[in-house]
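Single-structure report; data block below.
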Amino acid sequence: MSVNSTHTTLSLLLILFSLISTSLSTSDDELRSLLEFKKGVKTDPLNKLTTWNIQNPNSDPNDAVCSSFYGVICENNPNSPGLVTGIVLDRLGLEGDLRFSTLNGLKGLKNLSLAGNSLTGRLVPTLGLITSLQHLDLSGNLFYGPIPGKLNDLWDLRYLNLSKNKFVGGFPSGIEKLQQLKVLDLSGNGLWGDVRELVSGLRNEEHVDLSSNEFFGSVLVDAGNISGWANIVEYLDLSNNKLGGGFLSGDVVVLFRKLRVLDLGDNQLTGELPSLGDLPSLRVLRLGNNELYGSIPEALLGSSVPVEELDLSRNGFSGSIPKINSTTLSTLNLSVNVLSGLLPPSVGRCQIVDLSRNSLSDDISVVQNWEANLEVLDLSSNKLVGNLPTALGTYPRLSVVDLSVNKLDGFLPRSFLTSVALMSLNISGNQLTGPIPLQGSHTSELLVLPSYPLIESLDLSDNSLSGPLQSEIDTSFHPGNVLLIVPEGSQSVGGDPVQAGGVPVQAGRGRKNHKSKSNIRVAIIVASVVAAVMIAFILLAYYRVQLQDFRVRSGFNSQTAGRDVKVGKFSRPSIFKFHSNTEPPPNSLSFSNDLLLTSNSRSLSGKKEFVSEIVEHVLPAGKAATSASTNLNLLDSYPETSGRNSSSGSPRFVEAIEQSVTLDVYSPDRLAGELFFLDNTLAFTAEDLSRAPAEVLGRSSHGTLYKATLGGGLMLTVKWLRVGLVKHKKEFAKEVKRVGSIRHPNVVPLRAYYWGPREQERLVLADYVDGDSVALHLYESTPRRHSLLSLSQRFKVAVDVARSLVFLHEKGMPHGNLKPTNVILAGSNYDARLTDYGLHRLMTQAGIAEQILTLGALGYRAPELATMSKPVPTFKADVYAYGVMLMELLTRRSAGDIISGQSGAVDLTDWVRLCDQEGRGMDCIDRDISRGEEHSQAMDELLSISIRCILPVNERPNMRQVFEDICSIST
C-alpha cells in the first residue's frame, strides 16, 4: 500500500471518528437539555413527562428520546438521526417555573409549543440563539417580564404566539428582521408602545393580533411605511387598547386588499369613517366602543364589500340607517348610537340584528317584511310605535326578541307565546293592553309554558295588561301591570304573599274593602320594619360617635404650635353644603408633627412642609392605617398607606381615625357659579355635582382634593383650590383650557372646572384613577397590601413617566410638581399615570413660590430654582425631579432621607453621587432587586442616568435624551 493511500485511509478514519464523536456528543447534549428542562415542571397531572427518562442506561439516547419521550419530535433524516426538532406539550395542565436557557443544547429545535398550561418564568435573551426555531407558541400560560430583543434574531421564525400571558413593557425594536414571520399574536398581555412604530416594522405577517394590551398612538400610519405589509395581511386585531386619533385614511384603506378581519373595537378612535368600499375581501369589521361619529358608510351595507359581521355599536353615529342591500351580512350591531329616522325596509340575510338604544321612531310593523332568517332581534330603547307584529311569532329561527322600552301598544299576539323557536321575549316598558292570551305556570325564576317548553324567559312588566292569571305569578308581569288578577293563595317570586282573590280588574268591584284592609296591613308592616331599621341605625351612629370621641380624648388630639395636620372623610350625598362661613370648616381631629414624623429632617420648616404634604389623607370606612406619601388620583391625594420605618430617616406615621367633614360654598341655596367642560365626554350640571357623595382624599399646597361619585357611577376628583393662589378668571380660563387639552395614556386628564361667585369657589375636575402612588408601593411597610416592585416593574414606571414627560415638554408644558406621590400605578400592570401637572399655570406667583418651596422641602426642587427671585417650573427642573425619583425607584429610599455613613450625613442625591464616585454604586441599590447578578448592568445604567439628571442645569440632558437612553437599556 502506498504512502498516499495510507494517508487517505487515516484521514477518512479520523473524519468518521469525528462524526461519530460529534453525533454522540450532540445526543448527550440534547438529552441533558431535555432533562434539565423537565426539572422546571412541578405539576404533571396527566403524567406525560414520566416518559422523559432513560430506563436502560446502556440504550442509545437517540432511540430513547425519539421513541419514548412524550411530545418530543425528532428529525427523520439519515444525516442527522435523533436530532430533536420539536417539543409539543400543549394543554396538559402543566405547572412550574421554566428555565428556557436549558433549551440551548437543542441546536435543531424548530417547534416549541407549550400552549394552554399554567407554566411561568421569564423569557431569556439566550432563547434568541436557537436560530433554528420556526414555531414558538407559549400562549395561555403565566410567563412574565419583558420580551427580550434577542427574540428578533430568530430569523427563520414563521409563527410567534405569546398571547394570554403576563408579559409587560414595550415590544423590542427590530421586528423587521423577522422576514419569514406569518403569524404574530401578542394579545392579552400588558405590552405597551406606539402602535405605529410596531406596525411600521411588519413585513410579511398575514395574521396580527395585538388586542387587549396597552398600545397607544394613532392608526393613521403613512401609506409608504406599510404598503408592502398592507397588501399581505388578512387578519388585524388591535381591539381593547388605548389607540386614539382618526380612523385609517382613505389612501391607506385601499392598500388592504386581502384584509378579511379588522377589529379596532374598545379604543378611543374619533372622526368619521371613509367609504370602505375598496376592501374586496373584508368579512368582519368590529369598531364598537369608540368615539366615531357621522353617518354610516352605505358601502358597508351594500354589495361591494362582502361583510358578514358588522359591529359599529357604542359610538356616536347619527342620521338614518342606509338601505341594506348586502347578500352576505349575517350579524349587524348598530346599538348605542344616535341613529334616528326609520327602520330599514329589509335586513337581507341577517340572522342577528341589534339596533337598540338609538332614536329610531318608525312603526314596528315594518319588521313584518323582514326576512325569516332572523334568530336574534333587539330593537329596545327606541321610539318605535304601533302594534306588535304577529308575524314575528311565526319566524322559524327567531329565538330572542327584545322590544322593551318603546311606545308599542295593542294586544299581545298569541303567536309570540306559541312560537316553536322563541326562547326569550322582553316586551317590558311599553303600552300593551288587554289579557295575556295563554295560561302558564311558574317554575324557578322564569315563566315556563308547559305546552311549549322552549320558551325560557318572558318579561311583560311595565305595561297595562289586564285580566286573570292562572296558577302562580312571576316577576315577568310586574311591576306595571296593575290590572292583572292574581289567583288566590299564589306567591310571587320575591316571596311576598298575595291576598286571596288577588287584585281586581277595576277598582270599586268585588273586593274593594278587602284590598283596602290588605293595603293597611302591608303599610303597617312596612312602617314597622322601616322604624326598626332607623332606630338601629341611630343607635349604631351614636355608638360610633361616642367611641370616636373616646379615642380622641384618649390621646389623639395633641396640638402643636406648628401646622396641624387634619384628615377626614364625608359620605353624605353632597359635595357642597351651603353656609356663610369665611373658610371651609376644619375637621376636629388633629395630630402634632412630633407624633407623625421621627426623622432627621433637613430643617424644622422642611419637616412641617413634608408632613403637610404626605400625611393628609382619608381612610376607607371601617379602616384605620398608618400613612406614607401617596397619591390616588389627580393632584396631591393621600389614601391609606404606611411608611417604611428606617433608621436612615424615613418618616413614621401613627394611626388615623375616620372623621366626617363638611364643605361650605357661599351660594345661598344653589351653585350660582359656572361649570365649564374641557371636552365633550361628560354631561352633568353644577347641581348634579353639588349632590354627589364625596370623600376627602388629601390636602396639598394647592388645596383640598375630593373624590365625587356622580350619577351612573361616574367618579371624578375635585380639587378645591386654596384662596389667594388662583389667577383672575380670564387668565385662569385660558390656562386651564390649555392644561385640559392634554391627552396621553400616561397622563390623567382634566375634564372641567367650576368658577363660583366668591374667591373661595375655584374647583378643577379630573378623572378618578383607581390605584396607588409610586410612593406607597415603595415605602409601604407591614402589613403590606402590595408586593414589592420588581426591577422590571420599576423599569416600566421609569419608562412610563419619562414618556409622559416627553409628551408634556413637546406640548410646551413643564410638569412643575413631579414626585412619587403624583404618579399613580393603575391596574394589574401598574401603568404609571401622571397627576398634578401644569397647575402652576393656574396659580399666582405666590402660589407658584409655595409649590416650589414644598418641592424643596421634599427634595425634588432643582437647585437653580432656589436662586430665582420669581421661580417658575422649567423643563430642566422636571428632569432634575425625574432623576431624584429614579434614584428612589432604585434605592427605595425617600428623597427626604438623611443618610449617615463614613462621609457624614448626606441626603439621597449626595449619597448616590458619592457611592458612584467611589465605585460602589451597586451598594446603594435596593437589596430586593439587587440579589441576582443578571440585572446588574441594567441597574448600573439606570443609576448613571439618574445622576446625569441632577447635573448642573447647563450639563443636564433634556427629557427626550433621557427617555431614549432608558429605552436603550436591555432588562
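The values are calculated or read from the model by the stated rules, or taken from the named source; none is laboratory data. Please read all numbers here as calculations on a predicted model, not as lab measurements. Counting neighbours? That spans all protein chains shown, and the Cβs are built from the backbone with ideal geometry, glycine included. Accessible surface areas use protein heavy atoms only, side chains included; no ligands, DNA or RNA. Shrake-Rupley method; radii C 1.70, N 1.55, O 1.52, S 1.80 Å.
Of all residues being closer than 20 Å to Tyr293 by Cβ and part of a loop (DSSP other than H, G, I, E, B) in the range 196-237, which is modelled with the highest pLDDT? Just the residue, please.
The qualifying residue modelled with the highest pLDDT is Val219.
Could you please give the count of residues in the range 300-328 that are open to solvent by less than 20 Å² (accessible area, probe 1.4 Å) and under 19 Å from Leu264 (Cα atoms)?
The number of residues fulfilling the criteria is 8.
Provide a single number: the residues in the range 151-162 that are open to solvent by 10 Å² or more (accessible area, probe 1.4 Å) and closer than 19 Å to Asn189 by Cα.
2
Just the residues that are part of a loop (DSSP other than H, G, I, E, B) and at positive phi, please, taken from the range 123-164.
Correct list: Gly140, Lys164.
Quick one: is Ile824 assigned to a strand (DSSP E or B) and either surrounded by fewer than 24 Cβ atoms within 10 Å (Cβ to Cβ) or modelled with pLDDT of 85 or more (or both)?
Against the criterion (assigned to a strand (DSSP E or B) and either surrounded by fewer than 24 Cβ atoms within 10 Å (Cβ to Cβ) or modelled with pLDDT of 85 or more (or both)), Ile824 qualifies.
Quick one: count up the residues across the range 222-234 that are surrounded by fewer than 19 Cβ atoms within 10 Å (Cβ to Cβ) and either among the β-branched types (Val, Ile, Thr) or within 21 Å of Asp311 (Cβ to Cβ) (or both).
The total comes to 2.
With respect to the numbered conditions (1) of a type in the set (Ser, Thr, Tyr); (2) at negative phi; (3) assigned to a loop (DSSP other than H, G, I, E, B), which one is the sole condition not fulfilled by Ser340?
(3)
Can Leu447 be described as assigned to a strand (DSSP E or B), at pLDDT below 90 and either of a type in the set (A, V, I, L, M, F, W, C) or open to solvent by 10 Å² or more (accessible area, probe 1.4 Å) (or both)?
Yes.
Given the options Ser318, Ser335, Ser346, Ser356, name the one that is among the polar types (S, T, N, Q), part of a strand (DSSP E or B) and either under 22 Å from Val307 (Cα atoms) or free of Cβ contacts under 8 Å to residues at least 12 places away in the same chain (or both).
Ser318
In the list Gly265, Gly277, which residue meets the criterion of being closer than 22 Å to Leu210 by Cβ, out of contact with any Cys (no Cβ under 8 Å at 6 or more places or on another chain) and part of a loop (DSSP other than H, G, I, E, B)?
Going through Gly265, Gly277 in turn, just one is closer than 22 Å to Leu210 by Cβ, out of contact with any Cys (no Cβ under 8 Å at 6 or more places or on another chain) and part of a loop (DSSP other than H, G, I, E, B): Gly265.
Restricting attention to the range 711-735, which residues are buried (at least 17 other Cβ atoms within 10 Å of the Cβ), in contact with an Asp or Glu (Cβ under 8 Å, 6 or more places away or on another chain) and outside any strand (DSSP E or B)?
Matches in the range 711-735: Leu725, Lys727.
Hey, could you check the range 119-150 for residues that are in contact (Cβ under 8 Å) with a residue 60 or more places away in the chain and out of contact with any Ser or Thr (no Cβ under 7 Å at 6 or more places or on another chain) and say which is surrounded by the fewest Cβ atoms within 10 Å (Cβ to Cβ)?
Within the range 119-150, the match that is surrounded by the fewest Cβ atoms within 10 Å (Cβ to Cβ) is Pro125.
If the requirement is being closer than 17 Å to Gly316 by Cβ and buried (at least 16 other Cβ atoms within 10 Å of the Cβ), which of these qualifies: Leu238, Leu255, Leu273, Leu259?
Leu273
Would you confirm whether any residue within the range 180-201 is more than 26 Å from the chain's Cα centre (by Cα), within 28 Å of Pro274 (Cα to Cα) and not β-branched (Val, Ile, Thr)?
Yes, the range 180-201 contains a residue that is more than 26 Å from the chain's Cα centre (by Cα), within 28 Å of Pro274 (Cα to Cα) and not β-branched (Val, Ile, Thr).
(1) surrounded by fewer than 24 Cβ atoms within 10 Å (Cβ to Cβ); (2) touching a strand residue (DSSP E or B) at 6+ places or on another chain (Cβ under 7 Å): which one isn't true of Thr835, the others all being true?
Answer for Thr835: the failing condition is (1).
Can you find even one residue in the range 83-100 that is modelled with pLDDT under 90, open to solvent by less than 40 Å² (accessible area, probe 1.4 Å) and over 21 Å from Pro172 (Cα atoms)?
Yes: the range 83-100 contains one or more residues that are modelled with pLDDT under 90, open to solvent by less than 40 Å² (accessible area, probe 1.4 Å) and over 21 Å from Pro172 (Cα atoms).
Return the residues of the range 736-766 that are among the acidic types (Asp, Glu) and surrounded by fewer than 18 Cβ atoms within 10 Å (Cβ to Cβ); say none if nothing qualifies.
Passing the criteria: only Glu759.
Taking Phe167 and the conditions (1) farther than 26 Å from Cys74 by Cβ; (2) open to solvent by 10 Å² or more (accessible area, probe 1.4 Å); (3) outside any loop (DSSP other than H, G, I, E, B), which numbered condition does it fall short on, given that it satisfies the others?
(2)
Tally up the residues in the range 351-403 that are hydrophobic (A, V, I, L, M, F, W, C), open to solvent by 20 Å² or more (accessible area, probe 1.4 Å) and in contact with a strand residue (DSSP E or B) (Cβ under 8 Å, 6 or more places away or on another chain), please.
Going through the range 351-403 one residue at a time, the tally reaches 4.
Could you grab me the full set of residues in the range 752-793 that are in a strand (DSSP E or B), farther than 27 Å from Leu943 by Cβ and out of contact with any helix residue (DSSP H, G or I) (no Cβ under 7 Å at 6 or more places or on another chain)?
Once the filter is applied, which keeps residues that are in a strand (DSSP E or B), farther than 27 Å from Leu943 by Cβ and out of contact with any helix residue (DSSP H, G or I) (no Cβ under 7 Å at 6 or more places or on another chain), the range 752-793 yields Ala752, Arg762, Leu763, Leu765, Ala766, Asp767.
Kindly provide the set of residues from the range 243-252 that are open to solvent by 50 Å² or more (accessible area, probe 1.4 Å) and either at pLDDT 90 or above or among the hydroxyl-bearing types (Ser, Thr, Tyr) (or both), ordered by number.
Residues satisfying the conditions do not exist here.
Quick check on my filter: what residues within the range 48-73 are in a helix (DSSP H, G or I) and at pLDDT below 90?
If the condition is that a residue be in a helix (DSSP H, G or I) and at pLDDT below 90, then Pro61, Asn62, Asp63, Ala64, Val65, Cys66, Ser67, Ser68 are the ones that fit.
So in the range 827-849, with the set limited to residues that are assigned to a strand (DSSP E or B) and at pLDDT 90 or above, which one is nearest to the chain's Cα centre (by Cα)?
If we take residues in the range 827-849 being assigned to a strand (DSSP E or B) and at pLDDT 90 or above, then Asp831 is nearest to the chain's Cα centre (by Cα).
Looking at Arg762, Arg758, Arg738, Arg803 in this structure, which one is charged (D, E, K, R) and under 30 Å from Leu890 (Cβ atoms)?
Going through Arg762, Arg758, Arg738, Arg803 in turn, just one is charged (D, E, K, R) and under 30 Å from Leu890 (Cβ atoms): Arg803.
So if I check each of Ser399, Ser380, Ser419, which one is at pLDDT below 90, polar (S, T, N, Q) and touching an Asp or Glu at 6+ places or on another chain (Cβ under 8 Å)?
Ser399
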